[in-house]
Structures are given as C-alpha cells and as structure tokens.
Amino acid sequence: MATPKICRSAKHRVLIATLAFGFSGPLSAEVVQLPAPPLDLDGGQIESASGGQPVGAAGQEVTAPEQAIPEKPGEANKPIQANKTTQDGKATQDGTPPVRLADPVKSASDKPPSQVVPNPVELPKLNTDPNAEIEDLVPPPAMQPAPAAPPAASNRRRAGLGATAAGFSAAPTMIGDLFGGSFSTFGGSQTVRFSGYAPANQVPLSNPGDASATLLFEFGSDTFPNDVTTQGSGFDVSGDSIADTFAIAEPIPPSDALVSPGPGFLFDGGTATYTDNTTNTTAQDGSYAILSTFLVEYSYTNSLSGDGDGDGDGDGNGRPLPGPGVATRRVKLSENFSPEVRDRCFFSYNFFNDAFANLGDISRYTLGVERQLVDRIFSFEARLVMAGTYGSTQDLDQKESRDFELGNAALISKLALLRTERLLWSGGVGVTLPTADDSRFYQGSEELFRVENESFHILPFTALLMRINRDTAMQAYLQLDVAANGDPVFGNLSGGPLPKLGVFTDSTLITTDVAFSRTVYRGQRQSVLQQLIANAELHYTGTLQPSDFVSDGTLTYTNLKRNFNVVNATGGMHFVLNNDLVVTPAMSIPLRSGLDQQFDYEAIVQVNWLR
C-alpha cells in the first residue's frame, strides 16, 4: 500500500513550517506574520517602525527581513507584506500603521552603534512540493537560531581568574626544604680531683728514704695499707738532692680512696709528696721515714664532645648531642603553605638522606589542619611534627639510640591583608610550643646531662602571591624565628645531682623563599586528574647573630655551628585530583657545603585535602 500523502495544500505546508520554527502570531488565510528568530548580535539591536521594544542578542526582539513565502508553485519570489492586508492586497484602513521590516541591504552605518545588525538573517526557501514526505517539512539546521557569541577575550580571562581565585591552582602551596636547627654540641671536660694526707709505709722496710722503695698509703681503717701505691723511683723537688716526691698508680677498687667516678673518666695521674705534717702542701727537705706524712694528690677527667675530632665539622668519632626536637625542629612556615586563606587538612613526609653530624637517615612526618574563621580573610592553622630520628635519650655505654620522636607543635594565624584580581598579600604570626621531649645523656643509670625543652618561639611572617597569567604564579615569603625564652641546661659528668649550667637561647633565624608555579595540564571536567602544576623553589635560612652558649668553665653547651647560611633548591609537581585532593611529590637538594649542607638530598611527599 502506498504511503498516504498529507498536507497537500501549500497553505497548510507553510503553516506547519511556521510552527516548526517556533514562530507565533496570527495567521489568516491571506497573511502570515513572521517574527525573526533571536540573533546573537553582541549587543546590537533592531527597532520596529511602530515603536516596539528593540530586541538584541540577549533576548531582544528582532524584526525579520523581507522574505518571500510562496502561495503557489512558481511564486516563490513574490514578497509577502508584513502588515495586515485585504484579499486584494491593499493596506487596511483601520488606522494601524504598517510595520517596517528591517532592510537587509541598508547600510549598517545608517543606524546608531547600539542598533547595528552585522548580518541580516535570510530564511531559506521552503519545500513546496505537494508530493514531499512530512519529514521534509522539518526545518533544516541552517534555520536554527544562531548560538550566542562567546564573550570577549578580556571578559573570559577575568571570569577565569575570578572563578579560581580560591582554588588550589590560583594559589598552590610552597613545598619547602629545611632540615632545621636545634642540633647542638655538649663540649669540654670535667675533672674530678682527690687530695689527702696519709702516713707512708715502705716496702722493703730495710731501706728508709730509698728512692727506689715502694710506698703504701691507707685512707681508711684497714690494718694493711692498700688504698694508694707509688710506682717508679722517687725524685727531689725541695732541692736537697733527696727523693721526696713519688708518682702513684691509679687506685683500684676496693679502695677507701677515690677511684674512677664512672665510665669515660680517665686517670690523669698523681703524686705522693713528703710534707712531714698535715699543714704543709709542698715538699720538705730531709729524708722521709716509715710512717712519715705524705700529701697524696690525683685526678680523673672525662671529655665529651659532639664533634669527636674537634675540628668543628661534626664528622668526628664523638657522639652527637641533639637539642630538644632534633629533626622535629624549629618550624618553617613556608613548608606546605600558601598565602591563600583556605580550609584544608594536610600531611607531609620528608626523608633526609645522610643528615649532617652523623645523624644518618631521618624520616619526618607532619600532620596539620587549617580552618577559615572569616571567609577568605582569616584562618587558623595547627601542625604537629614527628620523626624517626636520633633519640632524645642516649646512653654513653650503649650504641647510639634511634627512636620515634614527637616534635614541637605550631599554631599559626594568617590574615589576607590585600586581595586584587592578580595579587594576594597576607601576613600573620605563628607560635611553637615545647611539646618535644627533653634531651638527656646517661651513663648506665647515672644522668650526666640534660637540656629541658621549655622555650616558645614567635614566628612572624609575610607572604605575597602574584598571578602572572591564568597558568603562571609567583609567591614569596619572609619569616623570622625568635626564641621568646631559653632552655635550662644541667650537667655533671661525675653523676649525682645535676647542677644548672645556665639557660641556652636559640639564635634568631631569618628565612626567605621564592617559588614559581606553572599549570602544565588541565583535564576535562569529569577527569580524575584535573591539573598538573609544576613548582620550582629557592630557599635561604640563616642566623642573625651567633649562637648562644652555656658554660660553667669546664663544660660548654652550644650549637654545632654558631652561624650558618643554608641554601636549598626544591622542585616538584602538584597533582590536583577531583578538585579537592592534591598530591605533591618533590625533591630538595642543598646548594652549599660543610655544615651548611644539612643532608645529601631530601625526598618529599605532601597531601592536601581541600574543602
């Protein structure tokens, strides 16, 4: 069966075509009123002659150009009047003014700039074949309304920066670099002396005053003298050519005289001098006899230093002496930090290969959270550092101990001082809290040395972020680290109660950091990987004055290096995932040598979760 043909009338076909275009208005048997489809004229508008409202690209009314709509085959080029007409084609007499259609040929310069029509709209000819299928009546794509023109380049750029002003790509975090301070050395020596009078017993007894005789001394109540013994031949000190002074051997336990105070103490030697009584302190003329009075004097000395060979480079055979929070260090705010005020939780891992002063490899972990208290104006941050590092408690009789140490906590306030389309200037202050353990040295069960972690540090800072363009940014930091108070130091290498040696105050540090970031990849809206941002950084940390030191005349506690200037370079890549998770692998290398080179290299991984 043949497909039935419908809408054979040309008038019906015109009506269906008109409805398909979405046109509206009265349609009589004689006239069809056809408003033109909306145009994207980038601000242009067309005005009807009857005083109707002008319509432009953003939903304004636009009059259609003259267009021929055929009534019959062969009349395709006959124009249809847009005003109401009678059946004989004459204008109505009801006083309604005819509508003037925009002339597509008329020069655009004849209209004010706000009403210029760049290109007239031409309606394509309709298919008037009475045998055409109904599907042929669907308007061709060319007759669909033109899409809106894209905004100007300057508007797009402004919108892009505004839309990402609080996003990570607009203000990426700086990665950081520093191993940190709080590594000190406990140097000097402690000497323990013994002095006492005792009667001399001579072996052999047959030759009193013999220079080659061995003398024995008793300082207790033993019947047989056995506390101190001379060795070798005596010699003359008084000047009468008769031996009056003898070297002594180290006392051996059990003894009523002083023996070694503990491990690490070495016998310095001593003498037994003939004084004839208990009031003289110098050698007397004449020959001694059995039970004559002698003054016995000797000493023990213990030396300890974090720099075993004493050359100040920390590479000697001695034991390192960490200060409180070694490698969990004085906080540097520019690490995993941005001038932007935002809500985030973050984690950092830093691996230091072959840290200076024989500390070996160190792994440090940082947990933190930042919370906006005033939206995009003020935030508060807390961070806590931990590390697998050289232990804060060491035993000189044991191998060097490593432990998982809790470091000093930090609280940081940040205020956005100035915010423009391309610039962000912020500042604030941080405070470190003495949450790390005290540093202690033992020898067996005896505590020899202690540094109590009691100092608070004030960390004022300022930061600047500048957007060079949509993909490139630069940021810079300036920070001070000022100790508000000091750490008490106690020491006594002979054991027993530890006297206070003094209070150690850390040097004031200044840090400056510069970073450049560049977005090198932008993913699709639904992509897991949204952006890749490359970071290149340069860091400097130095002392503003020489390090403090504490000493009682024999024992000294100070920094391993009293002045230092550390310069490191860091490079890394921010992987922005799902617009709220940022993973940053990076590497830092030192650019100086000696103790200014605090590690061979540093491997870094940082994770930020943004709200």
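Residue check: is R440 basic (K, R), in contact (Cβ under 8 Å) with a residue 24 or more places away in the chain and open to solvent by 30 Å² or more (accessible area, probe 1.4 Å)?
When the stated conditions are applied, R440 passes them.
Of all residues in the range 373-396, how many are open to solvent by 40 Å² or more (accessible area, probe 1.4 Å) and part of a strand (DSSP E or B)?
Residues that pass the stated criteria total 6.
Restricting attention to the range 328-346, does a residue exist that is under 33 Å from the mean Cα position of the chain (by Cα) and modelled with pLDDT under 75?
Taking the range 328-346 as the starting set, the residues that turn out to be under 33 Å from the mean Cα position of the chain (by Cα) are 328-346.
Narrowing the set further to residues that are modelled with pLDDT under 75 leaves 328-329.
Yes, because at least one residue in the range 328-346 is under 33 Å from the mean Cα position of the chain (by Cα) and modelled with pLDDT under 75.
If you scan the range 410-465, which residues turn out to be among the aromatic types (F, W, Y), at pLDDT 95 or above and touching a Gly at 6+ places or on another chain (Cβ under 7 Å)?
Answer for the range 410-465, where residues must be among the aromatic types (F, W, Y), at pLDDT 95 or above and touching a Gly at 6+ places or on another chain (Cβ under 7 Å): just F461.
From the list T301, T278, exactly one residue is within 54 Å of the chain's Cα centre (by Cα) and either modelled with pLDDT of 90 or more or not basic (K, R) (or both). Which is it?
Of T301, T278, the one residue that is within 54 Å of the chain's Cα centre (by Cα) and either modelled with pLDDT of 90 or more or not basic (K, R) (or both) is T301.
Under 7 Å between Cβ atoms, which residue pairs at least 6 apart in sequence (or on different chains) link something in the range 472-483 that is surrounded by fewer than 19 Cβ atoms within 10 Å (Cβ to Cβ) with a partner that is of a type in the set (V, I, T)?
M474/I468; A476/V514; L478/T462; L478/T512; L480/T508; L480/I510; V482/I458; V482/T508
Would you check which residues across the range 356-372 are surrounded by 22 or more Cβ atoms within 10 Å (Cβ to Cβ) and either of a type in the set (D, E) or closer than 15 Å to I604 by Cα (or both) and list them? First the steps, then the outcome.
Step one: of the range 356-372, the residues surrounded by 22 or more Cβ atoms within 10 Å (Cβ to Cβ) are 356-357, 359, 362, 364, 366, 370.
Those that are surrounded by 22 or more Cβ atoms within 10 Å (Cβ to Cβ) and either of a type in the set (D, E) or closer than 15 Å to I604 by Cα (or both): I362, R364, T366, E370.
When the residues of the range 182-198 are filtered to those that are modelled with pLDDT of 80 or more and among the β-branched types (V, I, T), which remaining residue is most open to solvent (accessible area, probe 1.4 Å)?
Among them, the one singled out is T191.
Say we look at the range 273-294 and pick out the residues that are out of contact with any Leu (no Cβ under 6 Å at 6 or more places or on another chain) and within 13 Å of F217 (Cα to Cα); which of these is surrounded by the fewest Cβ atoms within 10 Å (Cβ to Cβ)?
Ranking the qualifying residues of the range 273-294, first place goes to L291.
Among strands (runs of 3 or more DSSP E) lying entirely in the range 553-611, which contain 2 or more residues that are open to solvent by less than 40 Å² (accessible area, probe 1.4 Å) and small (G, A, S)?
565-577, 581-590
Just the residues that are of a type in the set (D, E, K, R) and at pLDDT 95 or above, please, taken from the range 565-599.
none
Within the range 403-428, how many residues are surrounded by 15 or more Cβ atoms within 10 Å (Cβ to Cβ), within 30 Å of G495 (Cα to Cα) and of a type outside the set (S, T, N, Q)?
Total meeting the criteria: 3.
Name every residue in the range 525-539 that is crowded, with 16+ Cβ neighbours inside 10 Å and farther than 29 Å from N568 by Cβ, in order of residue number.
Q530
The values are calculated or read from the model by the stated rules, or taken from the named source; none is laboratory data. Owing to the predicted nature of the structure, the values given are computational and were not obtained by experimental measurement. Note: ideal-geometry Cβ built from the backbone for every residue, glycine included; neighbour counts use all protein chains shown. These accessible areas exclude ligands, DNA and RNA; they are computed on the full protein's heavy atoms, side chains included. Shrake-Rupley method; radii C 1.70, N 1.55, O 1.52, S 1.80 Å.
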